[in-house]
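Notes follow once the structure below has been shown.
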Amino acid sequence: MRKIFPLTQEGLHRDRVLDAVKHDIRKYIKREQRRELPDGVDFIDFDCRVGASKETAASVHLSALTAQLDIVAGAGATEAYVEILSKPGFRQARPTGKRS
């Protein structure tokens, strides 16, 4: 998904528009995670970028996506560029002897 979301809408509070954008993003992620996994793939991973425009978008981890969107909206941007690309994920074994 590559999309520019408007963060202002006439007649709606700016926070409600931001909540609607976050809802659309979560809905897309859940839909992608429901897809059938190809052979040999452990999970669906995501490459994410967020910014006020495509040129200023920075790579972020999926867990920090909505926090970065809050930062973009808090900076006074009128729109936000969000890019979420799914890719196959592979689990890696922990090195022996190390526990976290």
Q. Which net charge results when you count Lys and Arg as +1 and Asp and Glu as -1 among the other residues whose beta-carbon is under 13 Å from that of Lys27?
A. +3
Q: Rank the residues Arg34, Arg14 as a footprinting-exposure proxy: fewest other Cβ atoms within 10 Å of their Cβ go first.
A: Arg34, Arg14
**Q.** Overall Cα dimensions of region 2-89, principal axis frame, Å, largest first
**A.** 47, 25, 18
Q) Which lysines, on any chain, are close to Lys87 with Cα under 19 Å apart, when same-chain ones fewer than 8 places away are left out? A) Lys3, Lys27, Lys30
Q: Springs between alpha-carbon atoms under 10 Å, Gaussian network over the chain: tell me which of Glu79, Glu32, Glu55 tops the mean-square fluctuations.
A: Glu55
Q | Under 15 Å, Cβ to Cβ, from Ser59 - net charge with Lys/Arg +1 and Asp/Glu -1 | A | 0
Q.
Once R0 is set to 22 Å, what does the formula 1/(1 + (r/R0)^6) return for the Cβ-Cβ distance between Glu55 and Leu85, expressed as a FRET efficiency to the nearest 0.05?
A. 0.80
Q: Using only Cα atoms, find the angle between the long axis of helix 14-34 and the longest principal axis of the chain, and express it within 0 to 90 degrees, rounded to the nearest 10.
A: 30
Q: Could you work out the relative contact order of the chain, using alpha carbon pairs under 8 angstrom and six or more residues apart, expressed as a whole percent?
A: 37
Q) Could you work out the helix-only [θ] at 222 nm for the chain, with each DSSP H run of four or more residues adding -39,500 (n - 2.57) and the total divided by the number of residues, to the nearest 500 deg cm²/dmol? A) -10000 deg cm²/dmol
Q. Which net charge results for the neighbourhood of Leu85, defined as the other residues with beta-carbon distances under 10 angstrom from its beta-carbon, given Lys and Arg at +1 and Asp and Glu at -1?
A. -1
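None of the figures in this text is laboratory data; all of them are computed from the coordinates on show. Small disclaimer: the values here were computed from a predicted structure and weren't measured. Cβ: placed from backbone, ideal geometry, glycine included. Neighbour counts: every protein chain shown.
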